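So the structure is just underneath, and the comments pick up after that.
The values are calculated or read from the model by the stated rules, or taken from the named source; none is laboratory data. On a predicted model such as this, the values are computed, not experimentally measured, just so you know. Reconstructed Cβ throughout: ideal geometry from the backbone, glycine too, with neighbour counts over all protein chains shown. When the accessible area is computed, the model is the full protein with side chains, heavy atoms only, and any ligands, DNA or RNA have been set aside. Shrake-Rupley method; radii C 1.70, N 1.55, O 1.52, S 1.80 Å.
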Amino acid sequence: MDVSEVGVATPAQVAELTATLRRSIGSVIEGKQEVIDTALIVLLAGGHLLLEDVPGVGKTTLAKALAASIDCPMRRIQFTPDLLPSDITGVSIFNTQTHRFDFRPGAIFANVVVCDEINRASPKTQSAVLECMEEGQVSVDGTTYALDSPFLVVATQNPLEMEGTYPLPEAQRDRFMARLSMGYPARAAELEMLDVHGGTSPLSRLRPVTDAAGVQAAILAARGVYASAALKGYVVDLVAATRTDQGLRLGASPRAALHLLRAARARAALHGRDHVLPDDVQALFSPVVEHRVLPSGQAQLAGRGPREILADLVHRVPVHGA
């Protein structure tokens, strides 16, 4: 049964839907199943995704493939130094016939918004998407406009050492549920890419496999996945451990704990389960938390990065009956 026919999907329907989306995106992105699964988890959790890596490894292609697999409005915004906040949110224009200001929506008014190379725009322009991501709404000239559901921002950014980049402020990084790195493909996957992408782009052949109503039903199902009190305590303990670890000078925020639980519920739903396991939390701890923490100077001198520190926390923080 099509999940768009019901208000809330069942775990089996969510698993079927995500499997279909996985195959659709996988026909374009070769050899990156774990990255695709995490992107789908963020979609089911109602969050936003940040893709960070060097140019040319498929960040934008993954974002476009995800958007093309869903029959809903999609916009792509190319962030450049001269991009204005009003280009994103919209602007009020005076109508000489009615003698009133008419609001013209910006590019953010879509179900899936691809923010390409977000860190090439100025901090002022970057901040224009903050309210949109957190509140699901836009405020222009004192008037608030609601964004449609589901609403997913998939942003790509280049490493900070690349020319012409502006670092994302901590407040904006914290609003992304997860950050992923594409990485270079394996040799077999790169050879397959040469065959598949050599003539025409597979994106042009991609057709939607679900619609906005189907995705919204799956999101509601993911929110209803059961998480025990012990498991919620485990999430809090993991996040709290980042605030006391000597290797980190900035720990994760309470929003990180909320996002981690939502993502764990979505992962359980993706696998067709109606309850969250500690494995779900552990698998998503690094993608959800890594971009929110900052290593201490001592850790940097020792060559320890956030990912290594978080992996150590997963081994040290005990699971009590979760």
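Side notes on the structure shown:
- From the list Ala222, Ala227, Ala212, the one residue that fits, being among the small types (Gly, Ala, Ser), surrounded by 14 or more Cβ atoms within 10 Å (Cβ to Cβ), under 18 Å from Ile25 (Cα atoms) and in contact (Cβ under 8 Å) with a residue 24 or more places away in the chain, is Ala212.
- Among the residues of the stretch 290-322, just one is part of a helix (DSSP H, G or I), open to solvent by less than 20 Å² (accessible area, probe 1.4 Å) and either without any contact (Cβ under 8 Å) to a residue 60 or more places away in the chain or in contact with a Cys (Cβ under 7 Å, 6 or more places away or on another chain) (or both), namely Ala299.
- Verdict on Gly31 being open to solvent by less than 10 Å² (accessible area, probe 1.4 Å), in a loop (DSSP other than H, G, I, E, B) and either in contact with a strand residue (DSSP E or B) (Cβ under 6 Å, 6 or more places away or on another chain) or farther than 26 Å from Phe103 by Cβ (or both): no
- Checking Ala110, Ala39, Ala68 one by one, the residue that is closer than 24 Å to Ala256 by Cα and of a type in the set (Gly, Ala, Ser) is Ala39 and no other.
- Any hit, the stretch 95-110, residues being surrounded by 16 or more Cβ atoms within 10 Å (Cβ to Cβ), at pLDDT below 90 and either assigned to a helix (DSSP H, G or I) or charged (D, E, K, R) (or both): no
- Going through (1) touching a Phe, Trp or Tyr at 6+ places or on another chain (Cβ under 9 Å); (2) open to solvent by 20 Å² or more (accessible area, probe 1.4 Å); (3) more than 25 Å from Leu261 (Cβ to Cβ) one by one, Met193 falls short only on (1).
- Elements of type strands (runs of 3 or more DSSP E) contained in the stretch 117-196, each with 2 or more residues being modelled with pLDDT of 75 or more and under 19 Å from the mean Cα position of the chain (by Cα): 152-157, 178-180
- Those residues of the stretch 265-277 which are open to solvent by 20 Å² or more (accessible area, probe 1.4 Å), over 14 Å from Ala9 (Cα atoms) and not charged (D, E, K, R), in sequence order: His275, Leu277
Listed here are the residues, each with its yes/no results for (1) without any contact (Cβ under 8 Å) to a residue 60 or more places away in the chain; (2) among the aliphatic types (A, V, I, L, M).
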| position | (1), (2) |
| --- | --- |
| Ala67 | no, yes |
| Pro73 | no, no |
| Ile77 | yes, yes |
| Ser86 | yes, no |
| Ile93 | yes, yes |
| Thr98 | yes, no |
| Asp102 | yes, no |
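- Options Thr144, Thr125, Thr156: the member that is in contact (Cβ under 8 Å) with a residue 60 or more places away in the chain and either open to solvent by less than 30 Å² (accessible area, probe 1.4 Å) or out of contact with any Leu (no Cβ under 9 Å at 6 or more places or on another chain) (or both): Thr156
- Search result, residues across the stretch 236-264 that are open to solvent by 50 Å² or more (accessible area, probe 1.4 Å) and within 23 Å of Ile41 (Cα to Cα): Val236, Asp237, Pro254, Arg255, Leu258, Arg262
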